[in-house]
């Protein structure tokens, strides 16, 4: 968030360049016995990081993308990508993911580039029950997100208008809109069918399920939703699509 940069006295406009340098430093720290770094923002001499990573050459790196221009940048770098359906609709994600994969291919990286999506998710035995139990928590989450976006807009400089527009949209969003464009809420059969359609249209490689993103659903009900996801959605989705499988370990 922009306010984090303000807290540390770092201009938000430097965020992308600082991220690229930080990523380069992390990879060197994981792969070289010792290294020096002389960038625009960071400079080190004879740095060694221990213990060395068990995974070689280093642990998997996945980069999150939130803005349209970030997608081709990550594709050109050749990393798998995490995206969120929290703020961006499924329809809006399609051209962004396509831009990521086009940049990935143009840079000569092998394969097509893996895409993982996080989304507010909730399951129950009936569609009406799933909606009734999820709505207060999901809508509280979106109202909180609207406040965060409004705060960021006040601090964002050149991108303030875009953030302000997003804040207004989240503030006025209805549960029906959230469910149609951002969330996965319903019965195991309905969620599995939705995932299958999304895998086909977006080419997803995995889903990170946020089972209680607003924090208001009782724990016993969250466990019930997780049980339905693991026992009924995962096997059905794997069988129907033959592709991506939801990640229950990421359910929150």
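Can you say whether residue 119 is closer than 25 Å to residue 10 by Cα, outside the structural domain of residue 26 (by TED's automatic domain parsing) and outside any helix (DSSP H, G or I), as far as the supplied structure shows?
Numbers: closer than 25 Å to residue 10 by Cα: no; outside the structural domain of residue 26 (by TED's automatic domain parsing): yes; outside any helix (DSSP H, G or I): yes.
When the stated conditions are applied, residue 119 does not pass them.
Please tell me if residue 157 is at positive phi, assigned by TED's automatic domain parsing to the domain that holds residue 223 and modelled with pLDDT under 90. Outline the logic, then answer.
Values: at positive phi: yes; assigned by TED's automatic domain parsing to the domain that holds residue 223: yes; modelled with pLDDT under 90: yes.
So residue 157 fits the description; yes.
Taking strands (runs of 3 or more DSSP E) that fall entirely within the stretch 1-112, which contain at least 3 residues that are loosely packed, with under 14 Cβ neighbours inside 10 Å?
Working: elements: 35-38, 43-47, 63-65, 81-84.
Fully inside the stretch 1-112 and qualifying: 43-47.
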Any idea how many residues of the stretch 179-190 are surrounded by 14 or more Cβ atoms within 10 Å (Cβ to Cβ), under 20 Å from the mean Cα position of the chain (by Cα) and either without any contact (Cβ under 8 Å) to a residue 40 or more places away in the chain or under 25 Å from residue 227 (Cβ atoms) (or both)? 5
Would you point out which residue out of 164, 193, 176 is surrounded by fewer than 21 Cβ atoms within 10 Å (Cβ to Cβ) and under 26 Å from residue 14 (Cα atoms)? 164
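Taking the condition at pLDDT 95 or above, in contact with a helix residue (DSSP H, G or I) (Cβ under 6 Å, 6 or more places away or on another chain), more than 16 Å from residue 92 (Cβ to Cβ) and in the same structural domain as residue 92 (by TED's automatic domain parsing), does residue 187 pass? Please lay out each step first, then the result.
Numbers: at pLDDT 95 or above: yes; in contact with a helix residue (DSSP H, G or I) (Cβ under 6 Å, 6 or more places away or on another chain): yes; more than 16 Å from residue 92 (Cβ to Cβ): yes; in the same structural domain as residue 92 (by TED's automatic domain parsing): yes.
Answer is yes for this residue.
The values are calculated or read from the model by the stated rules, or taken from the named source; none is laboratory data. Since the structure is predicted, the reported quantities are computational estimates derived from the model, not experimental observations. FYI the Cβ positions are ideal-geometry reconstructions off the backbone, even for glycines, and counts take in every protein chain you see.
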